[in-house]
1. Of the conditions (1) more than 13 Å from the chain's Cα centre (by Cα); (2) not in a loop (DSSP other than H, G, I, E, B), residue 108 fails just one. Which one is it?
2. Residue 149 versus (1) outside any helix (DSSP H, G or I); (2) surrounded by fewer than 20 Cβ atoms within 10 Å (Cβ to Cβ); (3) modelled with pLDDT of 95 or more: which is the lone unmet condition?
3. Could you tell me whether residue 132 is in contact with an Asp or Glu (Cβ under 7 Å, 6 or more places away or on another chain) and crowded, with 19+ Cβ neighbours inside 10 Å?
4. Hey, does segment 152-162 have a residue that's in a helix (DSSP H, G or I) and in contact with a Phe, Trp or Tyr (Cβ under 6 Å, 6 or more places away or on another chain)?
5. Could you tell me which of the residues 67, 14 is in contact with a Ser or Thr (Cβ under 7 Å, 6 or more places away or on another chain) and either touching a residue at least 40 places away in the same chain (Cβ under 8 Å) or under 18 Å from residue 181 (Cα atoms) (or both)?
6. Determine if segment 129-146 includes at least one residue that is of a type in the set (Ser, Thr, Tyr), free of Cβ contacts under 8 Å to residues at least 24 places away in the same chain and assigned to a loop (DSSP other than H, G, I, E, B).
7. For segment 17-34, enumerate the residues that are farther than 13 Å from residue 188 by Cα and touching a residue at least 60 places away in the same chain (Cβ under 8 Å).
Amino acid sequence: MKIVFATNNAHKLDEVRQVVGNSFDIVSLRECGITEDIPENEPTLEGNALSKARYIYARTGLDCFADDTGLEVDALGGEPGVRSARYATDGHDDEANKRLLLERLSGTENRAAQFRTAVALILDGEEYLFEGIVRGAIATEQHGEGGFGYDPLFYPEGGDRTFAQMSGEEKNAISHRGRAVRKLAEFLQEKI
Ligand code: ITT
């Protein structure tokens, strides 16, 4: 089965392909010839995931899914959340985002946080949502070179390594995205 993943983030594409293995043929936007930024102006992760999937479905007419992910920090009332990509600037400046997060949490003892992923699927014109959450804590400085985005600052619960200190497989086994995409894959297995 072929399904389009509506993302411009190459790291997400790698992670999702690793999770689904050979069970599905995940087609990238580049393979569909789509290079523009997909609008994400909704106030929730679910809304953005749906709007990205709808945009690609309207463009291609193909079954597709999208992922919207946010880092939700308890002491910041769930921020940066849906604004995680544009936390520090209008663009996707990971280094500035991480700096701002550390600044906002400076001197804060409660470092509890979670990553949350909403996956929206459009299959035969019907819409479905899946969620994956991992609880953890924000580090006081960056650790590790792997992963992407906020990974060097996130210790998943019960671990002493950040996501950026783990292999892709280790991250996927417990991550927000791994969890949401395994739900998606199970659902698709039942449908085909
Ligand atoms: P698409 O919308 O094209 O899928 P994106 O990079 O814009 O890609 P999001 O809006 O979902 O994706 O990302 C929100 C922010 O959270 C962004 O700064 C990412 O770097 C970060 N992020 C997303 N998933 C992450 C993960 O698994 N680990 C660390 N940071 C992550």
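The values are calculated or read from the model by the stated rules, or taken from the named source; none is laboratory data. Keep in mind that this is a model prediction, so the values were computed, not measured. Every residue, glycine among them, receives a Cβ derived from its backbone with ideal geometry; neighbour counts consider all protein chains shown.
1. Failing condition for residue 108: (2).
2. Looking at each condition in turn, residue 149 falls short on (2).
3. It is false that residue 132 is in contact with an Asp or Glu (Cβ under 7 Å, 6 or more places away or on another chain) and crowded, with 19+ Cβ neighbours inside 10 Å.
4. No: segment 152-162 contains no residue that is in a helix (DSSP H, G or I) and in contact with a Phe, Trp or Tyr (Cβ under 6 Å, 6 or more places away or on another chain).
5. 67
6. No, because not a single residue in segment 129-146 is of a type in the set (Ser, Thr, Tyr), free of Cβ contacts under 8 Å to residues at least 24 places away in the same chain and assigned to a loop (DSSP other than H, G, I, E, B).
7. Answer for segment 17-34, where residues must be farther than 13 Å from residue 188 by Cα and touching a residue at least 60 places away in the same chain (Cβ under 8 Å): 18, 19.
A quick yes/no check of all residues on (1) within 12 Å of the ligand (Cβ to nearest atom); (2) in contact with a helix residue (DSSP H, G or I) (Cβ under 8 Å, 6 or more places away or on another chain):
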site: 62; (1), (2): no, yes
site: 69; (1), (2): yes, yes
site: 96; (1), (2): yes, no
site: 105; (1), (2): no, yes
site: 108; (1), (2): no, yes
site: 117; (1), (2): yes, yes
site: 128; (1), (2): no, yes
site: 135; (1), (2): no, no
site: 140; (1), (2): no, yes
